[in-house]
Amino acid sequence: MPKSVMIVPEHVRSRSYIEFSPIPVNQYNCTIEEELASGRFTKDDLIRVQRDMMIIRGFELMLDAVKKTGKYHEIEYNHRGPAHLSIGQEATAVGEMYLLGVDDHIYGSHRSHGEILAKGLSAIHKLSDAALLSIMKNYFGGKAWGVIEKDVKGTAKDAAIDFLIYGALAEIFAKDYGFNRGLGGSMHAFFPPFGVMPNNAIVGGSGDISVGAALFKHVNKKPGIVVCNIGDASAGCGPVWEGLCFATMDQFKELWDDAHRGGLPLIVNFINNFYGMGGQPVGETMGFKVLARLGAGLSPDQMHAERIDGFNPLAVVDAMRRKREIIMKGNGPVLLDTVTYRFSGHSPSDASSYRDKTEVEAWQKVDPLYVFGQNLVSAGVCGQGVLDAMQKQVDEMIMKAYKQAIDMQISPRSTYKETGCLIEKVMYSNERIEKFGEGKPEALLPTIAENPRVKSLAGKARYGIGADGKPLPKSKCYMLRDGLFEAVIDRFYEDPTLVAYGEENRDWGGAFAVYRGMTEALPYHRLFNSPISEGAIVGTAVGYALSGGRVLAELMYCDFMGRSGDEIFNQMSKWQSMSGGLLKMPLVLRVSVGSKYGAQHSQDWTALVAHIPGLKVAFPATPYDAKGLMYSALLGSDPVIFFESQRLYDMPEMFHKEGVPAGRYEIPFGEPDVKKVGKDVTILTVGATLYRALDAAKELEEKYGISAEIIDARSIVPFNYEKVLESVKKTRKIVLASDACERGSVLQTMAAKITQFSFDELDAPPVVVGARNWITPADEVEDAFFPFASDILDAIHTHVIPLKGYRVARDCSSGELLRRSAWGV
Ligand SMILES: Cc1ncc(C[n+]2csc(CCOP(=O)(O)OP(=O)(O)O)c2C)c(N)n1
Ligand SMILES: [Mg+2]
């Protein structure tokens, strides 16, 4: 029986009410004197809270001045990039980070300077001098350390504070010595050694990535928790909802084995400043009134949600302490609605036309920096003189970092015009990594040999052509889906961090039976069904991978990539390079290209992902290639979109005469493969059109005496043109075929490059044979849409070599192609 829950009609149809518990709102009620008496804080701790808020305020005021006036205390600097400041929100950041350790990871948004500094200051307080010095001296070869070292006065902790302010500021100013070598910038800056993980310029972008990071900790039993800091307006974002749904799945608490049972170690902290840019979630763009209400819809424990006063740093510390306790008992994830207010505009160009001056003034009257400082004085924690001296010291620190960061001699910018420049180097990590973790991978079946599917594959023909030269019945053959299975199951027994998930990945055996036999072999925490949340499937996988684990995620149909567009285009593809080469992204996303199911289930969108820099893209068409490329994907360190065609899952091996090897082998990315040698015309195929090209080649040979060479692209990014250009040199003609709509397809790019590089060797321009620029019609009439052998022959006859006596099946003349183009089809 696959599921633990029996759906009993009498139960689900019976009459009752759903009850909600009251949601606490600003319940913290403790004075500084009481906190001191409780022993939770010393006087020094409280003074440090004030200092940290001052540092953040000073940092943001400096940036505000630079953006608005082009100078800071008369020292000019033109910062051309963004600066989304959090002036007013300091108590929220400092309170949140106060108890967090280095193993606790925070993810944030475009407005995260304050969080970076607060988390960094908290880490500096907790780390030993030796640890701090080691981090500073080793981070990116100690470049930032080299800058600040000379001007440090004081202890290692003082040095680390200088380092933190300088590293963040140099990053904001796009300098090579910044925390992410200038490739992250203001909205994406982060610093993992202090537990500051990627901040995201896509509103709500961290909403699912952080869930994947918490999943990584949970599955691999890593210490610490994850905090997702996102704005109140991000509550309207799909990825945030999908992330919340994923994070609150019942299976964590009900189905996973005892050792992994329990909720994810995650705090979703909505930093509620009551505005998007100018839009107001409360009263205008959302309907929740009190954001903490959202948790009530997600789980019976209402995500332990509450609203807290983010203008009081101690209220935030208190909430974080209590929420952590809940998480440690396995009862996470939890949700916080942290009330705060930004005095600054959304960005420096913001004229605040959407809010009343009196509103801003009312909040300024309760400015946490002033109020908390005064409370410290009234409670006798320190005198005003101490606060004044601290302010002076903070101002000096900020000025020192500012001078260092703007100086082009001291803090140069990386240049990107030379071959082999920094960006070129960090687009991929290009490593080969056997396993991302130590220890024995967990499995239900101790060895692969015991697996029922592995046993049944032993009896299959690993080459699909019999001794008589005829194809064997498919039922007797090893198929493409088996090639994928063999590579994946093997990697599961090698890399303890490897997890796979997606829709119907477990008991169903994967939507197209690639994972059949895995449910028996793997515990839930390594193979599980996700909610139908394509955004979160990819987004969480991004978080899992950048945390240091290998992940294999699946989209049931290529068409659903639209649902995970941001996660593929902006997250999966970019974090390696935006980190300056610090992070790896061992994430393989399997994407199945459909057929038969019409307009929304049959599209080949290779062009969309090939267009996005940072992704590797493969599309094998044979069992041998599928297995070898899957091995490479699952041994690499880069994000891979792995296309599979539903037409080919049951395709036996028709090329590799020795049969698909039972053991491990790797096919490198980027190398096309000559599947049939010929001399008169080259046909370059992507994906399933390989077999239709073979049919066309047969007809060319038998009826017209023309010998076609067929090259299977196998990968799309990277792509080495060498074999194709060599072939063209011989045949002087090339046709390209794939199931993708022709306009803007990968084939068009390839055709353009071939023209450019082989112009003198070509007798005719390369011809692209793709699907029509239409919606996909029903299976019964798909021959009007997808390219078949006759379309390849039509194209060859019309544009490349006239075939004697050939009658064109469908007009594909230049005039017809121009007509279609003018009509937009
Ligand atoms: C997906 C996306 N949509 C829109 C934007 C433009 N944008 C940047 S910040 C912002 C407002 C975000 O509000 P909130 O989430 O409350 O965060 P806050 O700015 O208040 O910190 C908008 C609309 C964006 N960066 N990303
Ligand atoms: Mg907001």
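The values are calculated or read from the model by the stated rules, or taken from the named source; none is laboratory data. Quick caveat, the model's predicted, so the values are computed rather than measured. Quick reminder, even Gly has a Cβ in these numbers, built from the backbone with ideal geometry, and neighbours come from all protein chains shown. With ligands, DNA and RNA removed, areas are computed over all heavy atoms of the protein, side chains included. Shrake-Rupley method; radii C 1.70, N 1.55, O 1.52, S 1.80 Å.
In the set (1) aliphatic (A, V, I, L, M); (2) over 28 Å from the mean Cα position of the chain (by Cα); (3) not in a helix (DSSP H, G or I), the condition left unmet by ALA91 is number (3). Scanning the range 84-116 for residues that are away from ligand 1 (no atom under 16 Å from the Cβ), within 22 Å of SER547 (Cα to Cα) and open to solvent by less than 10 Å² (accessible area, probe 1.4 Å) gives MET97, LEU100, ASP104. The number of residues in the range 230-275 that are within 14 Å of ligand 1 (Cβ to nearest atom) and touching a His at 6+ places or on another chain (Cβ under 6 Å) comes to 0.
Take the residues in the range 171-230 that are outside any loop (DSSP other than H, G, I, E, B) and of a type in the set (Val, Ile, Thr); name whichever of them is nearest to the chain's Cα centre (by Cα). Even if it seems obvious, please write down each step before you answer.
Taking the range 171-230 as the starting set, the residues that turn out to be outside any loop (DSSP other than H, G, I, E, B) are 171-172, 191-194, 196-199, 206-220, 226-230.
Checking the rest, the ones that are also of a type in the set (Val, Ile, Thr) come to 172, 196, 209, 211, 219, 226-227, 230.
On the way: ILE172: 22, VAL196: 17, ILE209: 7, VAL211: 11, VAL219: 18, VAL226: 16, VAL227: 17, ILE230: 16 Å.
So the residue we want is ILE209.
Selection over the range 1-32 of residues that are open to solvent by 100 Å² or more (accessible area, probe 1.4 Å) and within 21 Å of GLN374 (Cα to Cα) gives a count of 1.
Scanning the range 129-141 for residues that are closer than 20 Å to VAL102 by Cα and not hydrophobic (A, V, I, L, M, F, W, C) gives ASP129, SER134, LYS137, ASN138, TYR139.
Hey, among PRO198, PRO192, which residue is more than 9 Å from ligand 1 (Cβ to nearest atom) and open to solvent by 10 Å² or more (accessible area, probe 1.4 Å)?
Numbers: PRO198 fails: open to solvent by 10 Å² or more (accessible area, probe 1.4 Å).
Only one candidate qualifies: PRO192.
Could you tell me how many of the residues in the range 263-280 are within 15 Å of ligand 2 (Cβ to nearest atom) and of a type in the set (Val, Ile, Thr)? Even if it seems obvious, please write down each step before you answer.
Keep residues of the range 263-280 that are within 15 Å of ligand 2 (Cβ to nearest atom), which gives 268-280.
Subset that is of a type in the set (Val, Ile, Thr): 268, 271.
Total meeting the criteria: 2.
Hey, ALA213 hits all of (1) out of contact with any His (no Cβ under 7 Å at 6 or more places or on another chain); (2) surrounded by 24 or more Cβ atoms within 10 Å (Cβ to Cβ) but one; which does it fall short on? It is condition (1) that ALA213 fails. Residues that are basic (Lys, Arg) and either more than 32 Å from the chain's Cα centre (by Cα) or over 22 Å from PHE485 (Cβ atoms) (or both) within the range 638-685 comprise LYS657, LYS675, LYS676, LYS679, listed in sequence order.
Please verify whether the range 121-138 includes one or more residues that are acidic (Asp, Glu), free of Cβ contacts under 8 Å to residues at least 12 places away in the same chain, open to solvent by 10 Å² or more (accessible area, probe 1.4 Å) and over 24 Å from VAL542 (Cα atoms). No: zero hits. The set of residues in the range 463-502 being more than 30 Å from HIS525 (Cβ to Cβ), surrounded by fewer than 20 Cβ atoms within 10 Å (Cβ to Cβ) and of a type outside the set (Phe, Trp, Tyr) consists of ILE465, GLY466, ALA467, ASP468, GLY469, LYS470, PRO471, LEU472, PRO473, LYS474, SER475, LYS476.
When residues in the range 782-807 are screened for being among the hydrophobic types (A, V, I, L, M, F, W, C) and either within 39 Å of the chain's Cα centre (by Cα) or open to solvent by 60 Å² or more (accessible area, probe 1.4 Å) (or both), 6 of them pass. The residue pairs whose first member lies in the range 279-298 and is within 17 Å of THR248 (Cβ to Cβ), whose second member is at pLDDT 95 or above and of a type in the set (Asp, Glu), and whose beta carbons are closer than 7 Å, counting only pairs six or more residues apart or on different chains, are LEU291/ASP232; LEU291/ASP337; ALA292/GLU306; ALA292/ASP337.
Where in the range 510-626 are there strands (runs of 3 or more DSSP E), lying fully within it, with 1 or more residues that are of a type in the set (S, T, N, Q) and surrounded by 21 or more Cβ atoms within 10 Å (Cβ to Cβ)?
Values: elements: 527-529, 551-555, 587-593, 616-618.
Result: 587-593.
Of all residues in the range 271-293, those satisfying the criterion of being among the hydrophobic types (A, V, I, L, M, F, W, C) and open to solvent by 20 Å² or more (accessible area, probe 1.4 Å) are PHE274, MET277, VAL282, MET286, VAL290.
How many residues, within the range 231-240, are open to solvent by 20 Å² or more (accessible area, probe 1.4 Å) and either more than 16 Å from ligand 2 (Cβ to nearest atom) or assigned to a helix (DSSP H, G or I) (or both)? Don't jump to the end; show me each part of the working.
Within the range 231-240, the first condition is being open to solvent by 20 Å² or more (accessible area, probe 1.4 Å), and the residues that meet it are 231, 233, 236-239.
If we keep only those that are either more than 16 Å from ligand 2 (Cβ to nearest atom) or assigned to a helix (DSSP H, G or I) (or both) too, we end up with 233, 236, 238-239.
The number of residues fulfilling the criteria is 4.
Please specify each residue of the range 332-381 satisfying the condition of being surrounded by 17 or more Cβ atoms within 10 Å (Cβ to Cβ), in a helix (DSSP H, G or I) and of a type in the set (Gly, Ala, Ser). GLY373 - this is the single residue of the range 332-381 that is surrounded by 17 or more Cβ atoms within 10 Å (Cβ to Cβ), in a helix (DSSP H, G or I) and of a type in the set (Gly, Ala, Ser).
The residue list GLY243, GLY262 contains one member that is surrounded by fewer than 18 Cβ atoms within 10 Å (Cβ to Cβ) and either modelled with pLDDT of 95 or more or not in a loop (DSSP other than H, G, I, E, B) (or both), which is GLY262.
Which members of the range 319-331 meet the condition of being part of a helix (DSSP H, G or I) and open to solvent by less than 30 Å² (accessible area, probe 1.4 Å)? So that I can check it myself, show each step before the final result.
Within the range 319-331, the first condition is being part of a helix (DSSP H, G or I), and the residues that meet it are 319-328.
Those that are part of a helix (DSSP H, G or I) and open to solvent by less than 30 Å² (accessible area, probe 1.4 Å): ALA319, MET320, LYS323, ILE327.
Of all the numbered requirements in (1) over 25 Å from GLN646 (Cβ atoms); (2) touching a residue at least 40 places away in the same chain (Cβ under 8 Å); (3) open to solvent by 10 Å² or more (accessible area, probe 1.4 Å), VAL677 misses one, and that requirement is (2).
Does ARG48 satisfy being basic (Lys, Arg) and loosely packed, with under 12 Cβ neighbours inside 10 Å? When the stated conditions are applied, ARG48 does not pass them. Inspection of the range 634-654 identifies at least one residue that is farther than 26 Å from ALA751 by Cβ and part of a strand (DSSP E or B). Just for the range 749-781: of the residues that are touching a strand residue (DSSP E or B) at 6+ places or on another chain (Cβ under 8 Å), in a loop (DSSP other than H, G, I, E, B) and not hydrophobic (A, V, I, L, M, F, W, C), which one is surrounded by the fewest Cβ atoms within 10 Å (Cβ to Cβ)? Filtering the range 749-781 for residues that are touching a strand residue (DSSP E or B) at 6+ places or on another chain (Cβ under 8 Å), in a loop (DSSP other than H, G, I, E, B) and not hydrophobic (A, V, I, L, M, F, W, C), the one surrounded by the fewest Cβ atoms within 10 Å (Cβ to Cβ) comes out as ASN773. Surrounded by 24 or more Cβ atoms within 10 Å (Cβ to Cβ), near ligand 1 (Cβ under 10 Å from one of its atoms) and at positive phi - does that describe any residue in the range 202-210? Yes, the range 202-210 has at least one match.
Does LYS153 meet the test of being more than 16 Å from ligand 1 (Cβ to nearest atom), of a type outside the set (A, V, I, L, M, F, W, C) and either crowded, with 23+ Cβ neighbours inside 10 Å or at pLDDT 95 or above (or both)? Before you say what the answer is, go through the steps one by one.
On the way: more than 16 Å from ligand 1 (Cβ to nearest atom): yes; of a type outside the set (A, V, I, L, M, F, W, C): yes; either crowded, with 23+ Cβ neighbours inside 10 Å or at pLDDT 95 or above (or both): no.
So LYS153 fails the test.
Given the criterion of a type outside the set (Phe, Trp, Tyr), part of a helix (DSSP H, G or I) and under 13 Å from VAL674 (Cβ atoms), identify the matching residue among LEU700, LEU725. Give the derivation first.
Numbers: LEU700 fails: under 13 Å from VAL674 (Cβ atoms).
Step by step, each of LEU700, LEU725 is checked, and only LEU725 is of a type outside the set (Phe, Trp, Tyr), part of a helix (DSSP H, G or I) and under 13 Å from VAL674 (Cβ atoms).
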